[in-house]
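Notes follow once the structure below has been shown.
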Amino acid sequence: MPDVPSVLLNNGNSIPQFGFGVFLVKPEETVEATTHALDAGYRHIDTAQMYGNEAEVGEAIAKSGIDRSEVFVTSKLNNGFHRPDDARAAFDLSLEVMNLDYLDLFLIHWPLPTRYDGDFVSTWQTLEEFYREGRARNIGVSNFQINHLNRLAGECDITPAVNQIEVHPYLVQDELRSYCAERQIAVEAWSPIARGKITDDPTISEIAGRHNKTNAQVVLRWHIQRGDIVFPKSTKPERIKENIDIFDFELGPEDVEAISNLDRGERTGPDPDTFDLIPD
Ligand code: NDP
């Protein structure tokens with residue numbers, strides 16, 4: 001089994017630094033894909049209410065026979081449920097459909113600053129309830145910018161344990177990452193391989209060739225060495241194995257720097273300051 005490091009969170013708990021993401025995994029493919037991941041040694045699964053596959057993630061974990069305490073499970077509050085009563089009902093439903101009595105991590109998926117009168121503070125205070133009840137072992141946010149995090153710091157009791165944001169070689173996010181590091185907010189890097197775009201990058205290919213690894217492995221290793229938490233998605237068993245096979249080599253500082261220098265501020269996903277989608 002791969003030796004996946006842990007990251008210490010600001011509340012004393014820890015999280016596996018590497019896991020499996022299931023965004024855009026169809027519900028009917030989720031049990032199989034998650035089972036492949038668990039078989040390959042993944043012990044951290046990242047889902048969301050919006051992905052429509054929480055139930056299947058729960059099913060795969062139950063079927064695996066792996067002790068619940070050994071798998072770190074994250075889900076996220078969907079955009080239509082930011083009002084406190086809606087958030088409570090949505091969180092209850094996540095636990096119910098996943099057949100779990102707690103989540104390891106629950107996040108506000110998007111800040112939605114242009115919705116709900118810009119009030120993500122009361123939503124965060126509702127997540128604080130889940131944390132105090134022990135039904136969410138850790139709570140955090142996703143797609144929060146510095147100004148959103150500053151508001152939580154000024155108006156709330158608990159600092160988010162993580163901020164899950166888009167990070168990859170074409171969007172290195174160093175300002176937001178530094179802000180989080182100063183406040184002990186762990187960074188989770190979503191779309192870590194830029195949804196596959198890094199596979200034909202010549203700089204990354206050159207580094208990969210020297211290390212006898214694939215481009216995806218080199219980029220995932222780059223994230224690990226920068227200290228971020230990653231959970232690449234794949235439905236292909238061979239890629240699921242490939243992606244976790246990154247704990248037997250190390251990039252030199254010049255390789256890490258060369259990859260960081262590919263930054264071009266390019267998002268693959270929406271801008272958190274304007275994104276306002278409420279899915280059907
Ligand atoms: P990734 O960067 O993980 O890329 C996934 C894509 O790359 C898929 O098309 C996959 O195809 C392909 N791929 C996977 N492994 C390889 C490989 N070794 N070589 C070449 N191609 C590969 O993108 P995601 O957007 O899925 O991000 C990962 C996770 O982050 C999500 O699943 C989700 O959990 C989270 N996320 C969170 C968001 C948020 O707002 N909080 C937003 C987006 C993602 P295939 O399946 O065919 O292998």
With both bridge residues required to lie in segment 137-280, what share of the DSSP beta bridges run antiparallel, to the nearest 5%? 10 percent
Round to the nearest 10 and give me the degree value, 0 to 90, for the angle of helix 84-98's Cα axis relative to the longest principal axis of the chain. 50 degrees
Ellipticity estimate at 222 nm from DSSP helix runs (n ≥ 4, -39,500 (n - 2.57)) divided over the chain, nearest 500: -12000 deg cm²/dmol
Send over the per residue convex hull volume for segment 38-136, Cα only, as a whole number of Å³. 87 Å³
Of 34, 207, 145, which is farthest on the positive side of the dipole of the chain, counting Cα position, with +1 on Lys and Arg Cβ, -1 on Asp and Glu Cβ, and the Cα centre as origin? 207
Find, among the trypsin sites (Lys or Arg not before Pro) in segment 239-271, those assigned to loop by DSSP (not H, G, I, E, B) with at most 15 other beta-carbon atoms within 10 angstrom. 264, 267
Cα-projected label distance for residue 23 with residue 212, points at 7 Å along beta-carbon direction, nm: 3.4 nm
Quick check: from the Cα gyration tensor, does segment 127-178 come out rounded (a/c under 1.5), prolate or oblate? oblate
Calculate what fraction, in whole %, of the accessible area of the chain sits on carbon and sulfur atoms when a 1.4 Å probe is rolled over the protein chains. 46 percent
Select from segment 176-280 those GluC sites (Glu not before Pro) which occupy a DSSP coil region and have at most 13 other Cβ atoms within 10 Å, ordered by residue number. 250, 266
Residues in segment 21-61 that a label on residue 69 would reach, taking backbone N under 20 Å of a point 7 Å out along Cα→Cβ: 42-45, 61
Once the Cβ-Cβ distance between residue 117 and residue 8 is put in as r, and R0 is 30 Å, what FRET efficiency do you end up with, to the nearest 0.05? 0.25
Below 8 Å between Cα atoms, with a sequence gap of 6+, how large is the relative contact order for the chain in percent? 21 percent
Two pseudo-spin positions, 7 Å from Cα along C-beta at residue 32 and at residue 199, lie apart in nanometres by 1.9 nm
Just the number: Rg to Rh for the chain, Cα atoms, Kirkwood Rh, two decimals. 0.95
Just flag the trypsin sites (Lys or Arg not before Pro) in segment 154-197 sitting in loop per DSSP whose Cβ has no more than 15 other Cβ atoms within 10 Å. 183
Which of the peptides 21-31, 147-157 is most tightly packed, and how do the rest follow, going by the mean number of other Cβ atoms within 10 Å of each residue? 21-31, 147-157
Would you please classify the overall shape of segment 97-229 from the alpha carbon gyration tensor, given that a ≥ b ≥ c denote the square roots of the eigenvalues, rounded means a/c under 1.5, and beyond that prolate means a/b larger than b/c while oblate covers the rest? prolate
Percent antiparallel among DSSP beta bridges confined to the chain, rounded to 5, stands at 15 percent
Under a plain spin-label model, where a point goes 7 Å from the Cα along Cα-to-Cβ, how far apart in nm are residue 225 and residue 96? 4.8 nm
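The values are calculated or read from the model by the stated rules, or taken from the named source; none is laboratory data. All of these numbers come straight from a predicted model, not from anything done at the bench. All Cβ positions, glycine included, derive from the backbone under ideal geometry; neighbour counts span all protein chains shown. Ligands, DNA and RNA are excluded from the accessible area calculation, which covers all protein heavy atoms including side chains. Shrake-Rupley method; radii C 1.70, N 1.55, O 1.52, S 1.80 Å.
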